[in-house]
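Asks: Got a structure here, written out as structure tokens. Questions coming.
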Protein chains: 2
Amino acid sequence: MDGSKAGDAALSEFLCFATYSANQAFHQFYAPLLARVGLTYPQYLVMTLLWSQDTRTVGEIGRILNLQSNTMTPLLKRMEGAGLIERRRDTADERIVRISLTAQGRALRDRLTGLPGAVAAASGMTAEERGELIGALDRLRRNMTEAARTGSAQGGGQDAGSISGT
Amino acid sequence: MDGSKAGDAALSEFLCFATYSANQAFHQFYAPLLARVGLTYPQYLVMTLLWSQDTRTVGEIGRILNLQSNTMTPLLKRMEGAGLIERRRDTADERIVRISLTAQGRALRDRLTGLPGAVAAASGMTAEERGELIGALDRLRRNMTEAARTGSAQGGGQDAGSISGT
DNA sequence: CACAGTTTAATCGCGCACGATATACTCGCA
DNA sequence: TGCGAGTATATCGTGCGCGATTAAACTGTG
């Protein structure tokens, strides 16, 4: 498409970098607004899940957010410490920890009703454009996850260092 | 567009979440491949910049990656420790630290020539589709950054807690 | 020359995010 | 009944990423 050789490609032509930067920009937009109610961005995602359906297991939340227990556990403990959620071991199956909102956690919802709208406005895109972009990103995520899982670019074996050739 | 009320929106309809998840998927694809040559993803971005143009200041690199010195300094120190780059104070203006590749850092390039191609293949998208997506994400990033800068959703003042209304 | 203001990096503390590993529990099956 | 396999969560260490602050060096103006 362009005459760039492998290695001298400009970062601006990397899809991964565009995604990385857009994500940072979102974070920088959200962070100060969420900080006013004492939330971080991943915590807000958890709250959004619980607002739509209360009482879920750690694993359920983790699967939706693509996060494992080593990220979820401390995150949820901080949220418990902030009084937003409760963590209770299931009595029937003690491996499972159920997460549910406190009254304070439910109340927080009313203080953030305008946020999705503000973000939508800040994006400078129409609902249709946003929908298309979400679709493209979802497709990309599925493809990348599948490729990571099957190890498409695993390369040889004993050399274990080079990723040359396509 | 759909009848969802603010607050019960499914996460799958959040553009921020689609971006966040796609970024995670990229990271999960890159991380094991880069680990084989001892790089992390942000370090790979720095290397890519230096491969296309050697010897840049900390600030220059940070501006391109949208990272500040509090992220750059330790990252670059780790890369220096790994023998990939050198950090040298400018003799004329001692505030400035210039970053340049070592021979080892330059050599690493040849072990990653296939990576952009592998990522492109893993994306499951044509070059044209990727180009369009990069364009949309760049536009989004610019808009979000601008909105964050001007504080579009700053809300009132003394209450300092609610973000209600659009 | 002095001194305020600006620029450039560095430092500190906190919260993700993940690889590797550990622990506790449940289930199936001999 | 007891044991191995599988499941759900937790722990530990490392590396970003950022807000707040600090420190050092430069610049411009009187």
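The values are calculated or read from the model by the stated rules, or taken from the named source; none is laboratory data. Just so it is clear, the structure is predicted and the values come from calculations on it, not from any experiment. Cβ coordinates were reconstructed from backbone atoms using ideal geometry, including for glycine residues, and neighbour counts include every protein chain displayed.
Asks: Which residues, counting only those in the range A:60-96, are among the aliphatic types (A, V, I, L, M) and within 7 Å of DNA strand D (Cβ to nearest atom)?
Replies: Filtering the range A:60-96 for residues among the aliphatic types (A, V, I, L, M) gives A:61, A:64-65, A:67, A:72, A:75-76, A:79, A:82, A:84-85, A:92, A:96.
Once the filter is applied, which keeps residues that are among the aliphatic types (A, V, I, L, M) and within 7 Å of DNA strand D (Cβ to nearest atom), the range A:60-96 yields A:Met72, A:Leu76, A:Ile96.
Asks: Limited to the range B:94-110, what total is found for residues that are touching a strand residue (DSSP E or B) at 6+ places or on another chain (Cβ under 6 Å), of a type in the set (A, V, I, L, M, F, W, C) and part of a helix (DSSP H, G or I)?
Replies: 0
Asks: Here's a follow-up. Just to be sure, is B:Arg87 outside any helix (DSSP H, G or I), at pLDDT 95 or above and away from every other protein chain (no Cβ under 14 Å)?
Replies: On the way: outside any helix (DSSP H, G or I): yes; at pLDDT 95 or above: yes; away from every other protein chain (no Cβ under 14 Å): yes.
Answer is yes for this residue.
Asks: In this structure, does A:Thr126 turn out to be touching a Phe, Trp or Tyr at 6+ places or on another chain (Cβ under 9 Å), modelled with pLDDT of 80 or more and of a type in the set (Val, Ile, Thr)?
Replies: Details: touching a Phe, Trp or Tyr at 6+ places or on another chain (Cβ under 9 Å): no; modelled with pLDDT of 80 or more: yes; of a type in the set (Val, Ile, Thr): yes.
Against the criterion (touching a Phe, Trp or Tyr at 6+ places or on another chain (Cβ under 9 Å), modelled with pLDDT of 80 or more and of a type in the set (Val, Ile, Thr)), A:Thr126 does not qualify.
Conditions (1) outside any helix (DSSP H, G or I); (2) more than 30 Å from A:Tyr30 (Cα to Cα), marked per residue:
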site	(1), (2)
B:Gln43	no, no
B:Thr71	no, no
B:Pro74	no, no
B:Ala92	yes, yes
B:Glu128	no, yes
B:Gly135	no, no
B:Asn143	no, no
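Asks: B:Leu76 passes all but one of (1) under 30 Å from A:Met47 (Cβ atoms); (2) modelled with pLDDT of 95 or more; which number fails?
Replies: Against the list (1) under 30 Å from A:Met47 (Cβ atoms); (2) modelled with pLDDT of 95 or more, B:Leu76 comes up short only on (1).
Asks: Mind checking which residues of the range B:67-80 are closer than 19 Å to A:Asn23 by Cβ and either exposed (fewer than 15 other Cβ atoms within 10 Å of the Cβ) or more than 8 Å from DNA strand C (Cβ to nearest atom) (or both)?
Replies: The initial filter retains those residues of the range B:67-80 that are closer than 19 Å to A:Asn23 by Cβ, namely B:67-68, B:70-72, B:75.
Within the range B:67-80, B:Leu67, B:Gln68, B:Asn70, B:Thr71, B:Leu75 qualify.
Asks: Collect the residues in the range A:93-104 that are under 20 Å from A:Arg36 (Cβ atoms) and touching a helix residue (DSSP H, G or I) at 6+ places or on another chain (Cβ under 7 Å), keeping them in residue-number order.
Replies: A:Leu101
Asks: If a residue must be surrounded by 20 or more Cβ atoms within 10 Å (Cβ to Cβ) and touching a residue at least 12 places away in the same chain (Cβ under 8 Å), how many such residues does the range A:109-132 contain?
Replies: Residues in the range A:109-132 being surrounded by 20 or more Cβ atoms within 10 Å (Cβ to Cβ) and touching a residue at least 12 places away in the same chain (Cβ under 8 Å): 5 in total.
Asks: Can you name the number of the only condition in (1) more than 8 Å from DNA strand C (Cβ to nearest atom); (2) part of a helix (DSSP H, G or I); (3) within 14 Å of chain B (Cβ to nearest Cβ) that A:Thr113 fails?
Replies: All conditions are met except number (2).
Asks: Surrounded by 13 or more Cβ atoms within 10 Å (Cβ to Cβ), closer than 30 Å to B:Tyr44 by Cβ and of a type in the set (Val, Ile, Thr), is that true of A:Ile64? Show your work before the answer.
Replies: Values: surrounded by 13 or more Cβ atoms within 10 Å (Cβ to Cβ): yes; closer than 30 Å to B:Tyr44 by Cβ: yes; of a type in the set (Val, Ile, Thr): yes.
For A:Ile64, the condition - surrounded by 13 or more Cβ atoms within 10 Å (Cβ to Cβ), closer than 30 Å to B:Tyr44 by Cβ and of a type in the set (Val, Ile, Thr) - is met.
Asks: Checking A:Phe17 against (1) free of Cβ contacts under 8 Å to residues at least 24 places away in the same chain; (2) away from DNA strand D (no atom under 12 Å from the Cβ): exactly one of these is not met. Which one?
Replies: Result: A:Phe17 passes all but (2).
Asks: Still on this structure, I have one more. Just one of A:Thr102, A:Thr55 is over 18 Å from the mean Cα position of the chain (by Cα) and surrounded by 15 or more Cβ atoms within 10 Å (Cβ to Cβ); which is it?
Replies: Values: A:Thr55 fails: surrounded by 15 or more Cβ atoms within 10 Å (Cβ to Cβ).
That would be A:Thr102, the only listed residue that is over 18 Å from the mean Cα position of the chain (by Cα) and surrounded by 15 or more Cβ atoms within 10 Å (Cβ to Cβ).
Asks: For the range A:47-59, indicate whether the set of residues that are within 12 Å of another protein chain (Cβ to nearest Cβ), near DNA strand D (Cβ under 7 Å from one of its atoms) and without any contact (Cβ under 8 Å) to a residue 24 or more places away in the chain is non-empty. First the steps, then the outcome.
Replies: Within the range A:47-59, the first condition is being within 12 Å of another protein chain (Cβ to nearest Cβ), and the residues that meet it are A:47-54.
Right, trim to near DNA strand D (Cβ under 7 Å from one of its atoms) and you get none.
Looking through the range A:47-59, none of the residues is within 12 Å of another protein chain (Cβ to nearest Cβ), near DNA strand D (Cβ under 7 Å from one of its atoms) and without any contact (Cβ under 8 Å) to a residue 24 or more places away in the chain.
Asks: Can I ask one more? Among (1) surrounded by 15 or more Cβ atoms within 10 Å (Cβ to Cβ); (2) within 15 Å of the chain's Cα centre (by Cα); (3) within 13 Å of DNA strand C (Cβ to nearest atom), where does A:Val97 come up short?
Replies: Result: A:Val97 passes all but (2).
Asks: Now a separate question. Those residues that are buried (at least 19 other Cβ atoms within 10 Å of the Cβ) and either under 16 Å from the mean Cα position of the chain (by Cα) or polar (S, T, N, Q) (or both), I need them from the range A:28-40; list them, please.
Replies: Once the filter is applied, which keeps residues that are buried (at least 19 other Cβ atoms within 10 Å of the Cβ) and either under 16 Å from the mean Cα position of the chain (by Cα) or polar (S, T, N, Q) (or both), the range A:28-40 yields A:Phe29, A:Tyr30, A:Leu34, A:Leu39.
Asks: Follow-up question, since we're still on this one. In the range B:84-94, how many residues are among the β-branched types (Val, Ile, Thr) and under 20 Å from the mean Cα position of the chain (by Cα)?
Replies: Step one: filter the range B:84-94 for residues among the β-branched types (Val, Ile, Thr), giving B:85, B:91.
If we keep only those that are under 20 Å from the mean Cα position of the chain (by Cα) as well, we get B:85.
Looking only at that region, the number is 1.
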